[in-house]
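Report on the structure given below.
The values are calculated or read from the model by the stated rules, or taken from the named source; none is laboratory data. Being a predicted model, the structure only gives us computed values, none of them experimental. Neighbour counts run over all protein chains shown; Cβ positions are idealised from the backbone, glycine included. Calculation scope for accessible area: heavy atoms of the full protein, side chains included, ligands and nucleic acids excluded. Shrake-Rupley method; radii C 1.70, N 1.55, O 1.52, S 1.80 Å.
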Amino acid sequence: QVQLVESGGGLVQPGGSLRLSCAASGIIFNIYSMGWYRQAPGNQRELVATITSAGGINYADSVKGRFTISRDNAKNTMYLQMNSLKPEDTAVYYCNIPVPRTVYWGRGTQVTVSS
């Protein structure tokens, strides 16, 4: 059974930083691309960043230069380092792994950027 568990969310002031983690189990982690998505209240879920099995990276324009995605295949874990956070980054952040015929999602972790 595949499980993705996000952690590291919380309340942070504008300009602050957070590091999200996504721990995967039940899957051969290192052969798949993975991604971070977010969903703010009233909005559709949107792409934040993706990382391939070979380390190729893609970012949404809104987070370029502020967020860094990475993965540690030995720990079956993906990370999202978020710096210079803005109120508009407030959302539930989800990780996913697309595999043939399905996409696995975690339950999400709340990030709130507010003074």
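Listed values, structure above:
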quantity: Tail weight of P(r) past 14 Å, computed on alpha-carbon pairs of the range 6-61, percent; calculated: 67
quantity: Heavy-atom accessible surface of the range 41-115: percent carbon and sulfur, 1.4 Å; calculated: 46
quantity: Full-stretch length increase - Ile57, Val99 - with 0.36 nm per residue and alpha-carbon distance subtracted; calculated: 13.4 nm
quantity: Solvent accessible area, Å² - Leu47, 1.4 Å probe, full protein context; calculated: 60
quantity: Percentage relative contact order, the chain, counting C-alpha pairs under 8 Å, at least six apart; calculated: 36
quantity: For the range 67-80, 3J(HN,Hα) per residue [Karplus equation, 6.51 cos²θ - 1.76 cosθ + 1.60, θ = phi - 60°, Hz, x = Gly/Pro]; calculated: 10, 9, 9, 8, 9, 10, 5, 5, 9, 6, 9, 10, 10, 9
quantity: Dipole of the chain, positive end: most advanced residue of Thr102, Thr50, Thr112 [Cβ charges, Cα centre]; calculated: Thr102
quantity: Rounded to the nearest 10 Å², the accessible area of Glu6 at probe 1.4 Å; calculated: 20
quantity: Heavy-atom SASA rank of Thr109, Thr50 (probe 1.4 Å, accessible area, largest first); calculated: Thr50, Thr109
quantity: For the chain, size of Cβ-based charge dipole, Lys and Arg +1, Asp and Glu -1, in debye; calculated: 120
quantity: P(r), alpha carbons of the range 1-114 - 5 Å bins starting at zero, rounded %; calculated: 2, 12, 25, 26, 19, 10, 5, 1
quantity: Surface per residue (accessible, 1.4 Å probe) for the chain, Å²; calculated: 53
